[in-house]
Amino acid sequence: QGPDAMNQYFLHMTASQQVGALFILVFGVLLIASITVFSLSIREFSEGDPVGEARQKALKEYNSVLNASWVMMVVFWVAWAAGDTVATVLFGLVAFFALREFITLSPTRRGDHRSLVLAFFVVLPVQFALVAWRQFDLFTVFIPVYVFLLIPVVSALADDPHRFLERNAKLQWGIMVCVYGISHVPALLLLEFPQREAFAGRSAFLVFFLVLSVQICMVVQHFAAIQLKAAPTAPNISKSFSWRAWLSGVLASGILGGLFAGITPFAPGQAMAMALIACAAGSLGHLVMKALKRDRGVTNWGSEGKSVTGAGGLLDRVDALCFAAPVFFHSVRWYFGL
């Protein structure tokens, strides 16, 4: 009777009250987890003790995952509380700093100046303006088609052929991940489901569902890699990625997605499938971004006091989402015919 009463109470809330209650619950869980990790980290251990040092290292990794979760949840809470327009602007700023972080670690030449100006001050604002105007068909192809053809033309007009292909590929890749990927998050807030009238005003739940699916997958995969101690699949890129750990994260995300179907326009089976899609795209995208970091010779995009943007490793916190958001968005649009 207790759970039924709670469900009835939740269902009788307004859309804003339901989203607010959900954020309170999530922030409460994150707070408890953070306090627990902090309490364990301040325990004394003997210097040179391998067990103690291993524990401290593990706690440091757990804390890093929690910090990423805090950042993402705070950003989404501010976006939801501020409204659709401000949310789109906010994610536009996130994309700006993420792209700046990416480009700073990718060597450029004087001949790239026009292309960079175009990327930051034309492509990025136009992409997010298309989101704000709900021009989903155009915003879907604007970067992959028009911008990908335009950037090399602008670079060629700069009359600098040195490593032309490599320089343009880096810029196009940065735009695709940082701008195109992130722009799909506010787009989710603006999706409407005419055939699901009960879901009206609750698009924030869809964003929450996406973030929760990706984060749970990443956290479980991280913990599973430590516990299973399986041989890494790509040791030169990630010491912690193995198919066993990855499958653990994907399964956990899928099960949780099915349990949270009630806050989405999906049936339980559909919610599980969507969570699996988001989780797989996000976790494998995170692996790709690790490969890019290894190529650049850095551990984190803004690590060890060498923050390249002032945003302190922002791309490390949203890289999985950059891959998961567009795949999830287009899967939802395709399935519901939106």
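The values are calculated or read from the model by the stated rules, or taken from the named source; none is laboratory data. On a predicted model such as this, the values are computed, not experimentally measured, just so you know. Glycine gets a Cβ as well: all are built from the backbone with ideal geometry, and neighbour counts include every protein chain shown. All accessible areas refer to the heavy atoms of the entire protein, side chains included, with ligands and DNA or RNA removed. Shrake-Rupley method; radii C 1.70, N 1.55, O 1.52, S 1.80 Å.
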With all protein chains present, the range 219-305 has a carbon and sulfur share of its accessible area (1.4 Å probe) in percent of 65 percent
Kirkwood-based Rg/Rh on the Cα set of the range 123-174 evaluates to 1.07
Between T233 and residues 5 or more places away or on another chain, the pairs with built amide H atoms under 5 Å apart involve F241, S242, W243
By the mean-Cβ-within-10 Å protection proxy, highest first, 181-187, 216-222 rank as 181-187, 216-222
So for the range 153-288, using the alpha carbon gyration tensor with a ≥ b ≥ c as root eigenvalues (a/c under 1.5 gives rounded; past that, a/b versus b/c decides prolate or oblate), I'd call it oblate
Phi angles of the range 204-217, converted by Karplus (6.51 cos²θ - 1.76 cosθ + 1.60, θ = phi - 60°) into ³J(HN,Hα) in whole Hz with x for Gly and Pro, give 4, 5, 5, 5, 4, 4, 5, 5, 4, 4, 5, 5, 4, 4
Diffing the range 257-263: the Karplus 3J(HN,Hα) column from phi (6.51, -1.76, 1.60, θ = phi - 60°), in whole Hz with x for Gly and Pro, holds x, x, 5, 9, 4, x, 9
Here, trypsin sites (Lys or Arg not before Pro) of the range 125-219 satisfying both criteria (DSSP loop; at most 16 other Cβ within 10 Å) are R134, R163, R196
Residue by residue through the range 108-121, the couplings from Karplus 6.51 cos²θ - 1.76 cosθ + 1.60 with θ = phi - 60°, in Hz, x for Gly and Pro, are 10, 10, 4, x, 8, 4, 5, 5, 5, 4, 4, 5, 7, 10
